[in-house]
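What follows is a single structure, written as structure tokens, with notes after it.
The values are calculated or read from the model by the stated rules, or taken from the named source; none is laboratory data. Remember, predicted model here, so these are calculated numbers, not experimental data. No Cβ is skipped: glycine too gets one built from the backbone with ideal geometry, and neighbour counts run over all protein chains shown. Just the protein is used for accessible areas: all its heavy atoms, side chains included, with ligands, DNA and RNA removed. Shrake-Rupley method; radii C 1.70, N 1.55, O 1.52, S 1.80 Å.
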Amino acid sequence: MNDFLRDRITSNPSAVDCLGQTFPSDQARRERYLALLAERLKDPAFRALEGFPKGTDEAILAMSDPPYYTACPNPWLDDFVRHHGTPYDPAVSYSREPLAIDVSVGKTDQLYKAHSYHTKVPHLAIVPSILHYTEPGDLVLDGFAGSGMTGVAAQWCGAAPAVYRLQLEQEWKRQGKAAPKWGARRVILNDLSPAATFIAANYNLPFDVDAFATAGKQLLKEVEQEIGWMYETLHSDGRTKGRIEYVVWSQIYSCPECTGAINFVKEAVDPSTKQVRSVFCCPHCASEMTKQRLERLFLSTIDAATGLALATPKREPVLILYILGKTRYEKLPDSYDLDVLARIESMQFPADVPTQSIPPMHMTHERARMDQAGITHIHHFFLTRPAHALGSLWRKAKGHPDPRLRHALLFFVEQAIWTSSVLNRFQPQGFKQVNKYLPGVYYVPSHSCELSPWYAVEARGKRLAKIFSDFRSSRDCVAVTTSTAERLELPGASIDYIFTDPPFGENIYYADLNFLVESWHGVTTDARPEAIIDRFKKKALPEYQRLMQRCFAEYYRVLKPGRWMTVVFSNSRASVWNAIQVALQQAGFVVAEVTALDKQQGSYRQVTSTTAVKQDLVISAYKPNGGLEQRFAQRGATPESAWDFVQTHLKQLSVTKPKDGELEFIVERDPRRIYDRMIAWFVRHDAPVPLSSDEFLEGLSQRDFPERDGMVFLPEQVGHYEMQRARVTRAPQMELFVSDERSAIDWLTDFLKKRPSTYQEVHPEYIAQLGAGWRKHEEKPELSALLEDNFLRYEGAGDVPTQITNYLSKNFHEYRGMNKVDPGLVAKAKERWYVPDPNKAADLEKKREKTLLKAFETYRANPARRLKEFRLEVLRAGFKAAWSQKDHRTIISVARKIPELALQEDEKLLLWYDQALTLSDAQS
């Protein structure tokens, strides 16, 4: 334990916390740690940490439950690791293959749905990964934890019911895997957002479920006693009062033709289907209207909370759904309802509702103009009655005397914040209103739905009690911290496995969207280190990549050598995908597999193209073991270091991947992909690549790296592969997408390996591949040039090459058994193109490289500021040669001549350029 904290802890052998410290009671533990945290918060250096949330000491302490959870950087993380972790020991044997997971599994599970968040990977999707990569008691980390599903999964490994265990054990047995080792893992959860870590802590830290259920009922009872009258309405008999479930409010617009007021719901919403008509008529002048033609009407008032002048959209209640006994009824608002609303408006604004102004953000000032919807402060998101209701719920939950139940009640109540606001759309299903706000955006609908507090949270409270009674978590297993993933207060090489679902590009603006809930807690995100693309904050793709690289570098530092990280990727832009790949490689990780779930087939496929990122991808990457790094430090950038990398990398890859009774081609075992990974590894070490591609391909055949079905293996792996291969009918096939010159060569290689062909035979097949997926700025090469530069043609002189002989004898019975100089065989083989053997391929590669470098020189010398069209293969060859000569300036200058998007969408070019830029900046 660090000195600051160690000197202040007193022991008493009654209650033991997650750090092994003892206290007379849990209350004593909490008071002592809160006092220590309060003292730490007074330290300016502590508050100056990057990513430290914005909030008063009191607000941060109110959210925290130390040492398990702090709404700021957790000072006890190092102690948690030292108490529960095991030091890295290179002598301990550890070996795992990459594992594909289905990130959609468990999205209907009730525990997953216990609290909403902008994006979540279900815990049931994470459990198999944790079981596969770790042992019971191991330390798992998620630095972008969000709502804490990785923590739930780590504990689920020890708390899973027998039915789930049996199902998974049977599935693994069918796959030929050893049975999982059940038992909880320890987990560290980090997120930049206090809203996220508060959810994560309450998901993962235990509480008294029965006491929570009782407290929840009491809370709602007290709220009813205080403001129940606000939600009373008269039944049709004019005497009996029912309780309102929800009220539909309509914005009032002005007709552009006659300036008459238009109630949007009354005129635009079909009363039978409750759907908005695309065209409707003005009730005053009968002119045809669309929503886009309408002009919003505003009311000018004085804001009761701030005393400032305020223009709010004019709204009217148009429909009330209420309950009497057990029956639900609908009615139009009457004078009694309007009198109740007027009485509420005359009351003092509730002090428990946050009133701070909304700072400039993309989601409120650019994507959606909240000021144009009359929202400039947090309390403007709420109509007056729901503001009173939510304020009462929050005040009573926050005032509960038991600290743990207080947090559980706030966890319960805060889920009503979005659905109690004007963001909540009217989405009826019969009498039932579906709580629907548009996720991922602040959108104020034309007709909103005001929920009563009972309708908003009562049923959820009962569900939460049931859900958490079935899931028994342990305080001993979890530590939660609120900080940037760029700096985790953890010892190096201390983590056994990382599962992470980081922000991807500009998919979701977490800090912006969390501001609404965080304002109620009084602790908000410091968005400066947030790893997203946000033009409003001047964060473009390069800034996002650098932020992610720093986060991955921190992951690399804390992960034990030889251990694994799983990264879930969800973005359809190839440029963002490449930024992630480059950031991973720059940090030192080696990618071993990228898979996507085929949701139609319910199976996984490996990803072979950077443009094929329309689905959720799962990246399996590992930190090379310490032995590889140590040997590289001794040898330097030598051929032996290159082959050492290949040997180590092949050990990490899957040997076989069964799929639908066949074997899948393992993309990472393709020689070209192995060479790309090897290049990235040397570039990451700021070292020249010691092998050219032809030397690499030739070396694979000369050294003991057997090749089977286009995949490279270690000698000890090939036997297992051959045994599995004998059980299937056909060889694995690589899925290829032709989008540039390199992929066109790869496609031709695959085609000619199977079928040596004449130009006339290849041409129509090749043209069919050049579809809409071709890269925008890439020159389309002529087929004849590709064949001449990369393959050999039999001219009819001498023996027919073995490649052609084998093909003809296998596919045409009349050529079987013929001598290689037989005239009939020669005639059939003449003019056929074929893939050369490794020795001749090396000669061709050298010749081709000279041609590419000559073309690159024209690019470099071209005075034009921009190259409109170019060959990526030329750029790759030129960048590689410049890197070997440490000519970073040439890489940077040529890179700036090509369109930024073209650079960002090519992983290889981006890696060379980014490293050259980094080194150039360091030198200057």
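Out of region 787-891, which GluC sites (Glu not before Pro) are coil in DSSP terms and have no more than 11 other C-beta atoms within 10 Å?
Details: sites: 788, 795, 814, 831, 845, 849, 857, 869, 873; in loops: 795, 831, 869.
Within region 787-891, the qualifying GluC sites (Glu not before Pro) (loop, at most 11 other Cβ atoms within 10 Å) are 795, 869.
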Q.
Tell me the net charge near residue 880. Cut-off is 12 Å between Cβ atoms, residue 880 excluded, with +1 for each Lys or Arg and -1 for each Asp or Glu.
A. -2
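In what order, largest first, do 563, 47 sit by accessible area if the probe radius is 1.4 Å? Kindly include the intermediate steps, with their values, before the conclusion.
Details: 563 30, 47 75 Å².
Sorted descending by solvent-accessible area, the residues read 47, 563.
Evaluate E = 1/(1 + (r/R0)^6) for residue 352 and residue 181, where r is the Cβ-Cβ distance and R0 equals 51 Å; express this FRET efficiency to the nearest 0.05.
Details: r = 48 Å, r/R0 = 0.95.
Result of the calculation: an efficiency of 0.60.
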Q: Output the pairs from 396/537; 113/217; 623/659; 462/537; 326/396; 657/828 with a Cα-Cα distance over 32 Å in this structure; if there are none, say none.
A: 396/537; 462/537; 657/828
Q: Within region 820-844, which residues have the backbone N less than 15 Å from the label spot 7 Å out from residue 760 along Cα→beta-carbon, could you tell me?
A: 827-833
Q) Amide H of residue 241: which non-local residues (sequence gap of 5 or more, or other chain) have their own amide H closer than 5 Å, using H built in the peptide plane? A) 235
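Please give the length that would be gained between residue 339 and residue 226 if that part of the chain were fully extended, namely 0.36 nm times their separation in residues minus their C-alpha to C-alpha distance (nm, one decimal). Provide the component values of the computation, followed by the final result.
Values: separation 113, 0.36 × 113 = 40.68 nm, distance 1.82 nm.
Length gained between residue 339 and residue 226: 38.9 nm.
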Q: Please determine, in degrees from 0 to 90 and to the nearest 10, the orientation of helix 149-159 with respect to the longest principal axis defined by the Cα atoms of the chain, where the helix direction is its Cα long axis.
A: 90
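What does the extension gain come out to for residue 785 and residue 438, with contour length at 0.36 nm per residue minus their alpha carbon separation?
Working: separation 347, 0.36 × 347 = 124.92 nm, distance 5.28 nm.
Full-extension gain reported as 119.6 nm.
Work out, step by step, the length gained on full extension between residue 892 and residue 332: first 0.36 nm times the residue separation, then minus their alpha carbon distance; give nm to one decimal.
Numbers: separation 560, 0.36 × 560 = 201.60 nm, distance 6.82 nm.
Between residue 892 and residue 332, full extension yields an extra 194.8 nm.
Between residue 95 and residue 837, what's the calculated FRET efficiency when r is the beta-carbon distance and R0 is 45 Å? Round to 0.05.
On the way: r = 34 Å, r/R0 = 0.76.
In this case the efficiency is close to 0.85.
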Q. Ratio of Rg to Rh for region 117-167, alpha carbon only, Kirkwood?
A. 0.96
Q.
I'd like the accessible area for residue 872, computed on protein heavy atoms only with a 1.4 Å probe and all protein chains in place. Round to 10 Å², please.
A. 10
Q.
For a quick check of understanding: with a 1.4 angstrom probe and all protein chains in place, what accessible area in square angstrom does residue 830 have, to the nearest ten?
A. 100
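Are there chymotrypsin sites (Phe, Trp or Tyr not before Pro) in region 160-208 that DSSP marks as loop and that have at most 10 other Cβ atoms within 10 Å, and which are they? Walk me through the numbers on the way to the answer.
Values: sites: 164, 172, 182, 198, 203, 207; in loops: 182, 207.
Sites meeting the loop and neighbour criteria: none at all.
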Q: Could you tell me whether region 767-871 comes out rounded, prolate or oblate from its Cα gyration tensor? Rule is a ≥ b ≥ c as square roots of the eigenvalues, rounded for a/c under 1.5, then prolate if a/b exceeds b/c, otherwise oblate.
A: prolate
**Q.** the chain - Rg and Dmax from Cα coordinates, angstrom
**A.** 32.4, 108
Q. Using the Cα atoms as the points, what is the convex hull volume per residue of region 54-147 in Å³?
A. 145
Q) Amide H to amide H under 5 Å from residue 69: which residues, 5+ apart in sequence or cross-chain, H placed 1.01 Å off N in plane? A) 480
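So what's the back-of-envelope 222 nm ellipticity for the chain, counting only DSSP H runs of four-plus at -39500 (n - 2.57) apiece and dividing by all residues, rounded to 500?
On the way: 35 runs with 392 residues, N = 924.
Value at 222 nm, helices only, nearest 500: -13000 deg cm²/dmol.
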**Q.** Overall Cα dimensions of region 174-259, principal axis frame, Å, largest first
**A.** 72, 46, 35
Q) Where q = 0.21 Å⁻¹, what log10 of I(q)/I(0) comes from the Debye formula for region 254-309, counting one point per Cα? A) -0.74
Q: Report the net charge of residues surrounding residue 209, where surrounding means a beta-carbon distance below 11 angstrom and charges are Lys +1, Arg +1, Asp -1, Glu -1.
A: -1
Q: First compute the accessible area of the chain with a 1.4 Å probe, then give the percent of it belonging to carbon and sulfur atoms.
A: 50
Q: Calculate how steeply helix 194-204 sits against the longest principal axis of the alpha-carbon atoms of the chain, using the helix alpha-carbon long axis, and give the answer as 0 to 90 degrees to the nearest 10.
A: 90
Q | In order through region 689-697: 3J(HN,Hα) via Karplus (6.51 cos²θ - 1.76 cosθ + 1.60), integer Hz, x for Gly, Pro | A | 7, x, 10, 6, 5, 5, 5, 5, 5
**Q.** FRET efficiency for residue 862 and residue 239, using Cβ-Cβ distance with R0 set to 60 Å, rounded to 0.05
**A.** 0.10
Q: Go through region 458-467 residue by residue and turn each phi into a ³J(HN,Hα) via Karplus (6.51, -1.76, 1.60, θ = phi - 60°); whole Hz please, and just put x for glycine and proline.
A: 4, 5, 5, x, 5, 5, 4, 4, 5, 4
Q: Please list the non-local residues whose amide H lies under 5 Å from the amide H of residue 758, H modeled 1.01 Å from N, same-chain partners needing a gap of 5 or more.
A: 833
Q | Sequence of 834, 231, 336 from largest to smallest accessible area, 1.4 Å probe | A | 336, 834, 231
Q. Can you tell me the Rg and the Dmax, both Å, for the Cα atoms in region 679-754?
A. 15.5, 45
Q: Please provide three numbers in whole Å: the alpha-carbon extents of region 96-224 along the principal axes, with the largest listed first.
A: 58, 33, 26
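Please report the net charge: other residues with Cβ closer than 11 Å to the Cβ of residue 536, K and R +1, D and E -1. Please report the intermediate quantities before stating the final value.
Working: positive: 367, 535, 537, 538, 539; negative: 366, 506, 512, 534.
Surrounding charge for residue 536 is +1.
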Q. Per-residue HN-Hα couplings for region 290-306, Karplus 6.51 cos²θ - 1.76 cosθ + 1.60 at θ = phi - 60°, whole Hz, x for Gly and Pro?
A. 10, 4, 5, 7, 6, 10, 5, 8, 10, 10, 8, 9, 9, 5, 5, 8, 10
Q. P(r) tail for region 645-802, what percent of Cα pairs lie past 24 Å?
A. 47
Q | Dipole magnitude of region 274-350, debye to nearest 20 (Cβ charges: Lys/Arg +1, Asp/Glu -1, about Cα centre) | A | 400
Q: Please determine, in degrees from 0 to 90 and to the nearest 10, the orientation of helix 802-811 with respect to the longest principal axis defined by the Cα atoms of the chain, where the helix direction is its Cα long axis.
A: 70
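How much accessible area per residue does region 807-924 have, in Å², with a 1.4 Å probe? Intermediate values should be presented prior to the final figure.
Numbers: 6520 Å² over 118 residues.
Per-residue accessible area for region 807-924 comes out at 55 Å².
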Q.
Would you report the distance distribution of C-alpha pairs in region 143-289 as whole percents per 10 angstrom bin, up to the bin with the largest distance?
A. 9, 16, 16, 18, 19, 15, 6, 1
Q | Largest-first principal axis extents of the Cα set of region 540-592 (Å) | A | 31, 20, 13
**Q.** Restricting region 847-885 to trypsin sites (Lys or Arg not before Pro) in coil, as DSSP defines it, with at most 16 other Cβ within 10 Å
**A.** 865, 866, 868
Q. If the convex hull of the alpha-carbon atoms of region 403-484 is projected onto planes in all directions, what is the mean projected area in square nanometres?
A. 8.0
Q. So how do 108, 500 rank on accessible area, 1.4 Å probe, biggest first, that is with the largest at the start?
A. 108, 500
